[in-house]
Every structure is written in C-alpha cells, then in structure tokens.
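Taking it in order: structure first as structure tokens, then the write-up.
The values are calculated or read from the model by the stated rules, or taken from the named source; none is laboratory data. Keep in mind the model is a prediction, meaning the values are calculated, not measured. Because the Cβ atoms are built from the backbone with ideal geometry, glycine has one as well, and the counts that use them run over all protein chains shown. Note: accessible area is taken over every heavy atom of the protein model, side chains too, but ligands, DNA and RNA are not part of it. Shrake-Rupley method; radii C 1.70, N 1.55, O 1.52, S 1.80 Å.
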Amino acid sequence: MIVHHPHGIEHPYAVSLDQRVPVLPLAGQPVLLGVQADPEVTAVTCEWQGERLTLAPRRGSAADTAALAGGEGHLAGAQAASLGGAGGWAVESPPVTGPIAYRFHATTADGGIETTGWFTVAPATWTRTLPPGLAATLTGERVVDHSVEWLVTDDGVHRARFALALRPGDHVVGFGERFDRLDQAGQRLDAVVFEQYKAQGAHGRTYLPMPFAHVVGADGTAWGFHVRTSRRTWYDIGPERLVVEVALGGTAHERVDLGIYEGTPTQVLGAFLDEAGRAEELPAWVFRLWASGNEWNTQRIVLDRMNRHRDLDIPVGAVVIEAWSDEEGIMIARDAVYAPHTDGAPFKDADFSYPADGAWPDPKGMVADLHDRDIKVLLWQIPLLKTAESEPGLHAQVLAEGAALVAGGHAVREADGTPYLNRGWWFPRSLLPDLSTQETRDWWTAKRAYLVRDWDVDGFKTDGGEHAWGHDLRYGDGSRGDEGNNRYPVHYARAFGDLLRAHGKAPVTFSRSGFTGSQAHGVFWAGDEDSTWEAFRNSVTAGLTAAACGIVYWGWDLAGFSGPVPDAELYLRAAAASAFMPIMQYHSEFNHHQLPLRDRTPWHVAETTGDARVVPVFRRLAKLRERLVGYLARQAAVTIGTDRPLMRPLFFDHPADPEVWARPRQWLLGDDLLVSPVTSPGATAWPVYLPPGDWVDVWTGQPCAGGATHSRETPIDVIPVYSRAAAWPDLEDTFASPR
C-alpha cells in the first residue's frame, strides 16, 4: 500500500517519489520524506521523533523527466517515465540534529491503515579532524595544505573532499569520454557510469567516465591525477583549485588513494595506463567501414543491404546485426525451433532448426556468405535477462535461464540476498548476471559460445552495461554496489573478449559504457545520439576526450542514429570526419518499421534527401578508408607501444601552443595526418590551424606552412586534412586516387 526507500531507486541524477532527500543530511538540515502509495490511499502521515507530520501529494519532478526524455526517439518516453507517475506523497522534516527514527502511516477511504517499519536517519558533518573511533587517510601529492575534509557520522566516514592547486590558464582534460567540451576548466562534473539517452553534452553525463585527468599549463608543463577508486567522484574546477569529492564506504576506517603523474601529456597517460591497462592490437579489418541498422531484423534485409553495398561499389568491412534475437534472452535467433533446455544448459547450433520462411533461415550460411565477401559479422548483446515480472508471456527457455541464473548464484543481488531486478528504464525488472566473477562470466558466455564456434561470428556489440543501480548491491567478488557498479561494463566487455579468444578470434567487442580498465577491452562507440550538428560536434569531443584517457578504438554513429534521416550536408560532413577516426560506422535507431524508413545507408539518405551527391561522395570516402587501413593499423600499433593516442588531441604534441586550445575539434590521426572536420552547416571555407612544422594538403599536394591558420575551401567532398611533409612520400598514393 505504501513504500519508502531512503535511497530511492538510486538514479544518480534524479529523485524518485519514494526517496529521502538528501539521503545523508548535514547537521541541522531538513530532509524531504517521500513515499509512493497505492491509489486507494487518501492520507499519509509520518511519525517523527514524537511528532506527526502530514504528507501532501506530489508528482515526479518535471525537470528530472525533461532531462531524461532525450527528445524524439523510440526510447525517450520510457526513460522519462522511469521517474514519473502518480501516488507520490512528501513532507519536509524538521532539521536533523541527531539520530532520528521515523515511520509512515497510510489511510484509505474505507478507514484501513497500514504502517511501515521504522527507518533511521542521522546527520553528517564535514570536518578536518576525525572524532575518536574513526580513521581515514589520503595518500598523494599536490594536495593543497589544510584542504582535506571528511564527511562523517557517528559510525563512519562517508566522503572525502580535498583540493589540488591550479595555476591561471591551466587546462584540465579527461574524466573519460566527455561530450560537452575538451577543456573542463571552470566546470563541475562527476564520474559515474550512466545511460543518458541522447543529449549527453547538454546534461554533462557519460557512459564512460574515469576519475583521471590531465592538467596542462599555459607554459606547456603538464601533470595528471587519478583518484584510485571505482566509487563515484565529483569535481569542481575553479580558477585556482580543483576540488575533488570522493564517495567512501561509510565504515570507521577509510582511505583515499590519489595517483599523481608528472611529465608530458603522453607520459602522464602512460603512467595512468600502467595501472589501468592498455588496448591490445586488433586485426586490421576493424578499420574498414562498419554498417548497421536496428531494423535489419531478418537475413533477407541484412543480405539486401550488403548486396546494395556491392552493387553500388561501396566497400564495407563489417556488419553489426542488432535485431537478430528476440530481446528476451539474447542468445537464440528469432524464429528458431528447438526443445528448451530446462536446466539452462548451453545450446549448440545442431539443437536448432530454422524455418525456411522465418527471419533467419540459415544464419550459419549467411555468416559464411558474408565471410566469402570479406565482411565480418558482429552480433548484439545486452547483459540482462527478462523475467515474468518484467514481461508476461516469455518463452519457456527465458524463464529456465532465469531460474538457472538465480539458482546457480550467478545473479547480482540486493543486500537482503534477493536477485537484483534492473531499476533502470531499459529492460526494466530484468535480472543482471554477476559478471564480477570468472565463474559467472564463463557461465553467461558459454550459452553464446555456439555463435562463435558454430556460426563463426567475429565479435559482439556489447551494448548496455549501465544497469546496476544501488549502493548496497552485492557482487560475487565481494564488492558492494557503490564500488562494483562502475566496474560492471569492464567485466562485461572482458567476458565477451575472453569468449572470442577462447575460439581463436580477436577480442572485438563494441561497447558504449566503461570505466577505468576499459582501455584493455575492445572497441567503443559514443552511444545514442540525434542526427544534428550539435550532436556531431559533441561526438567529436567525446572521441578526443576518450582518446586522452587511453581509449584507442573509438567511433560513433556517423551523423547520429536517432530521429529523421539527416540532410545530405550533415551526413557527408559526418562521414568525412568518420573516415579519419579510428572506427568508421553508420547505424540507425529502431522506429517500429514505420515508413519512411530511417536507415542511414548512403543510398537511403540519397533517396530521402533527393541529393544525388550522397552516394558518389560516400563511395569515395569508403574507398579512401580502405586505402587508409594499412596506415591505421600501423599507427594503432604505434599508439599501443608509445601511449600517443591514435585520435590525438593537438595538446599532446603542442601543449604550450594557445592556438591548439582554440581549435578543440582538430586532431592528429596517428603521427602524420591532421584532421579539421567541417562541423557547421553552410561552410564553403574552413579555418585550419597547422602547428609548427611543414605540412602538405593531402587533396592538392600543395605544401603549407605550420604555425599559422589557413582558410581551406571546403566543397561537400572535401574535409581539411594535412600530412606532415616528411610522411607525404609514403602517404601520397593513399590520396592519389580520385576523390
């Protein structure tokens, strides 16, 4: 009848109706006490330290739901609704000055009364001097004297706060993949894994945070820091101080471990990667064009799209098939006929038959056909398993998998030992496998092993990974949610990389979420985004910040994947930029198979926009990309061996040059190519800053002086790209073919 959860659903950026706000009040601060009640409830009161407080009805915050909505798109409503709904009641308490016990009473129209159990709240205090019985330490250099504070209650230390000194003009870059800006000086941000459906830049959220950053002075001197924690951190980057706040475990003995690295940006990154781990070299095929569409949900459609690539002479190197399964267990092809394994034992391909008139009449043959065309195949995954509670009418095999997951101790659990059910808005109330342990990683991926062993697929799109919400979840490796949730996507990508390795394949996973340690696990893309110029610019920034933190293999859904088909100018400018990024791929969002289709294939964009330039320009870019594969593979090896990013922000090589900070969306692709994408509509010329040195315009072969800004004419088939003059003899043939 009535529910109160002091922590709510633990959405990191919003409040649920049943929550106490703040969860941990400061001494003397009131709290908002929220409950969610059934419709028949007509009154709610709170028994609070001898007082009776009367709650008033309330709804979810409009600001919260607006931030979550993500605009137009098939998942926007689900995300926004995750915090809304009726049945909310709330009251503000008196100031919390000491430990308080409270409970709620709900009354219905027929006179029924329900009383909750007791809850407790105690105030916290920021202090520089810990009281008796509590101990905490901070190790690390560069901490401002007398800046360390601890947030304490009578029984534990809950947070630390300290400052690092900055100088006027310092630039601060990092914190994982960031969409809003390259230089975070003057900003406030945090580091927590979160699925923000679109508009990540506007809201300052990311799938792939890291508690690591470079600090680069105006004079070019640099250092960096790493807060060695997987718990949430917060940053307030002022003109003279960078204030760091760190969530702790709330025990009587806590510790903050701060790593400080000195040297050039490359040396700083290298020191961080010594701890976090480095990428391993992936096969050269990952640098070819990747093609995908969420509505490519049959073998016929996939082969049709690949046939169109062939017929239009647009080379493609990989196809990512998202809608191959039923979105229930994500391990069996839709329409496959089979006898359920009631014990949850793994299948092999011989256990299935595939109807000739079904969605996938011969998946193994399809993969072989694509391999004959030199096209690799990746299949979509998500680390969730639907339940009868999340969706009625599930296949018996899905229910059997869930029962085996729980019975075998393979599920992430709540503090009371019950299985955790996803609190997020995508696949809500689904089970989450506990991938923190090798046992469960092996158990989960064994069910998908036949896809590699029998079908011969080449990789997995390891989508999701942001579904663990709750500070007190329990993981098999002994960690709680507050320290294990951010690590979840790292374990997830590792699990599927290990599966591929076990069958002689390269560990090509394709993830959007991650944390410290993700550097060592596969390929990444920037997640869900609209087809807008703003999203284009933000995605470029995301790639550069990810690279500054050691992510090597990175791309995005070129020109965005959501909303109406982009116009020809946006599509071709984005395709040109993507041709000079580590990963080049297009993708489109599910749109309920409504007409007109929203495929981002070049021919569909041409048909939709009526612009005859799209296919020939895209073809030239795709063919150029083929010629760049050797360069990209060699440069990726250099990156892994030297820590110089593959998609390299210019400050790595020119930290003291103020002009590189004024051009935050230019980058070096490897050691020898400078890229300055056109990221605004209507541009007929584009300013390009060339750092000191000798350069060559790759499209004309004309030499250009460095240390100056040049205006480059930019017809729709030209992206400003320059080669170092010393490397031009080796690169000239790559650009010699007709554009």
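Listed peptides 461-469, 217-225 appear in the order 461-469, 217-225 once ranked by packing, highest mean of other Cβ atoms within 10 Å at the front. Once you have a ≥ b ≥ c as the square roots of the Cα gyration tensor eigenvalues for the range 494-585, tell me rounded if a/c is under 1.5, and otherwise prolate or oblate according to whether a/b is larger than b/c. Prolate is the answer for the range 494-585, as a/c is 1.5 or above and a/b outweighs b/c.
Where does helix 363-372 land angle-wise versus the long Cα axis of the chain, in degrees 0 to 90, nearest 10? So the helix axis and the longest Cα principal axis differ by about 40 degrees. As a fraction of the 1.4 Å probe accessible area of the chain, surface on carbon and sulfur atoms comes out at 51 percent. Angle of helix 614-642 to the longest C-alpha principal axis of the chain, folded into 0 to 90 degrees and rounded to 10: 70°. In the complete set of protein chains, residue-level accessible area for Thr734 is approximately 20 Å², probe 1.4 angstrom.
Annotation: per residue accessible area for the chain equals 35 Å², rounded to a whole number [probe 1.4 Å, protein chains only].
Looking at the range 373-424, which GluC sites (Glu not before Pro) are in a loop (DSSP not H, G, I, E or B) and have at most 16 other Cβ atoms within 10 Å? Passing both the DSSP loop test and the Cβ count: Glu389, Glu414. In the neighborhood of Pro392, defined by Cβ-to-Cβ distances under 15 Å, what is the net charge if each Lys or Arg adds +1 and each Asp or Glu adds -1? That works out to -3. When the C-alpha to C-alpha distance is required to be over 22 Å, the pairs from Lys198/Lys461; Lys461/Lys505; Lys198/Lys386; Lys198/Lys505; Lys364/Lys505 that qualify are Lys198/Lys386; Lys198/Lys505. As a rough guide to protection, the peptides 637-649, 703-715 ranked by mean Cβ packing within 10 Å, highest first, stand as 637-649, 703-715.
Note: relative contact order over the chain, using C-alpha pairs below 8 Å and six or more positions apart, is 11 percent.
Only one of the values (1) 0.98; (2) 1.06; (3) 1.11 was calculated from this structure for Rg/Rh (Cα atoms, Kirkwood Rh); name its label. Evaluating Rg/Rh (Cα atoms, Kirkwood Rh) on these atoms matches (1).
Each part gets one Cα centre, and for the range 1-37 versus the range 681-739 those centres are 56 Å apart. Applying a DSSP loop filter and a limit of 12 other Cβ atoms within 10 Å to the trypsin sites (Lys or Arg not before Pro) in the range 254-362 leaves Lys348.
Need the list of aspartates and glutamates near Lys623 for cross-linking: C-alpha distance under 17 angstrom, and skip anything on the same chain fewer than eight residues off. Lys623 reaches Asp311, Asp313, Asp374, Asp717, Glu732, Asp733.
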